[in-house]
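The values are calculated or read from the model by the stated rules, or taken from the named source; none is laboratory data. In this text, all values refer to a predicted model and were calculated from it rather than measured experimentally. As a convention, Cβ positions derive from the backbone with ideal geometry for all residues, glycine included, and neighbour counts pool all protein chains shown. Side chains are part of the model used for accessible areas, which takes the heavy atoms of the whole protein and leaves out ligands, DNA and RNA. Shrake-Rupley method; radii C 1.70, N 1.55, O 1.52, S 1.80 Å.
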Amino acid sequence: QVQLVESGGGLVQPGGSLRLSCAASGSIFRVSAMAWYRQAPGKQRELVARITLGGSTNYADSVKGRFTINRDNAKNTMYLQMNNLKPEDTAVYSCNAASLSHNYWGQGTQVTVSS
């Protein structure tokens with residue numbers, strides 16, 4: 001059974017930092033591009049950052065320079081380091097594992113940026 005389990009969300013003040021983790025089943029992690037998406041209340045889900053099997057990354061313009069995505073293939077885990085957080089970053093962040101043959105989602109973790 002494929003599992004994607006996110007952790008690391010929480011409440012943080014503006015300007016603060018959080019690191020999200022996504023632990024994946026090994027069989028899927030090794031063949032998937034991995035990504036973080038987020039969905040704020042009343043808004044559509046949007047891509048935050050993506051990392052390919054080879055390590056190439058891309059980011060939403062709104063998070064460039066503040067967020068960093070990386071993957072640890074030995075631990076089957078993906079991370080999202082989020083710095084200088086803003087209230088508009090508040091959302092449910094979900095992990096995604098995708099290839100031509102599959103598209104899996106985690107359950108999501110809440111990130112709230114508020115003073």
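State in Å² the accessible area per residue of the chain; use a 1.4 Å probe, count heavy atoms of protein chains only, and round to the nearest integer.
Values: 6070 Å² over 115 residues.
Per residue, the chain has 53 Å² of solvent-accessible surface.
How big is the dipole moment of the range 58-115 about its Cα centre under a simple scheme where the beta carbon of each Lys and Arg is +1, that of each Asp and Glu is -1, and everything else is neutral? Debye, nearest 20, please.
120 debye
Leaving out ligands, DNA and RNA, and with a 1.4 Å probe, what % of the accessible surface on the chain is carbon or sulfur?
Its accessible area is 46 percent carbon and sulfur atoms.
For the chain, calculate the relative contact order in percent as a whole number, restricting contacts to Cα pairs under 8 Å that are 6 or more residues apart. Before the final figure, lay out the partial values.
Values: 278 pairs, mean separation 42.0, N = 115.
Rounded, it is 36 percent for the chain.
Rg/Rh for the chain to two decimals, with Rh computed the Kirkwood way over all alpha-carbon pairs.
Using only Cα positions, Rg/Rh for the chain is 0.95.
Which whole-Hz couplings ³J(HN,Hα) result when phi for each residue of the range 21-28 is put into the Karplus expression 6.51 cos²θ - 1.76 cosθ + 1.60, θ = phi - 60°, listed in order with x for Gly and Pro?
Karplus values, whole Hz, x for Gly and Pro: 10, 9, 8, 10, 4, x, 5, 8.
Apply the Karplus parameterisation 6.51 cos²θ - 1.76 cosθ + 1.60, with θ equal to phi minus 60°, to every residue of the range 87-102 and state each ³J(HN,Hα) to the nearest whole Hz, in sequence, with x for glycine and proline.
Karplus-based 3J(HN,Hα) across the range 87-102 equals x, 6, 7, 4, 4, 8, 9, 10, 8, 9, 10, 9, 8, 5, 10, 7 Hz.
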